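Each remark here refers to the structure printed beneath this line.
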Amino acid sequence: MLGYLLDNVYEVMNYYCLGSVYNFTALYFRLEYKTLNNKKTSQSSRSGPYPYQYWFHGSTDALLAASTFRRPIVIYNNCQDNSSYRYDDYLYLPHHMPLNKVGTLPAVMVFDQGTSHYEALKMKKSTKVDC
């Protein structure tokens, strides 16, 4: 994702971060931090989770991920009640979608309200059955 950001600075700054230098800088540092830490240490040897400011942030990060991987991303919320903490479900479309990927299944993520984390779900193609 950092590579996409660096190759498409104008697009990311103006469309994903809505022209906000603050949002762009925060996004850049989140991605750079993750990239550097993943290269230096393995997952099992880390002493703890990333600091909060480096967590995956829903809208901007999901839109950047959709464009980086050139496939739609769907984010669902697992909150069952109608509390004020309920987030809406969203579909993020890539900025550029190649025609040969139009039928690609979207990547699906669930936002776990209890832990404030995103989890990816693996989806399988299924056969439509006519009744």
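Data table
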{"quantity": "Built amide H within the under 5 Å cut-off of M109, gap 5+", "calculated": "V74, I75, Y76, L121"}
{"quantity": "Most to least packed among 53-64, 9-20 [average Cβ atoms within 10 Å]", "calculated": "53-64, 9-20"}
{"quantity": "Gained length - A120 relative to N14, 0.36 nm times residue gap less alpha-carbon distance", "calculated": "35.4 nm"}
{"quantity": "Other-chain or far-sequence residues with amide H under 5 Å of H117's (modelled H)", "calculated": "D112"}
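Any read-out appearing in this document is the output of simple, stated calculations on the displayed coordinates, not a laboratory observation. It should be emphasised that the depicted structure is a prediction, and the values quoted were computed from it without experimental measurement. Backbone-built Cβ (ideal geometry, glycine too); neighbour counts: all protein chains shown.
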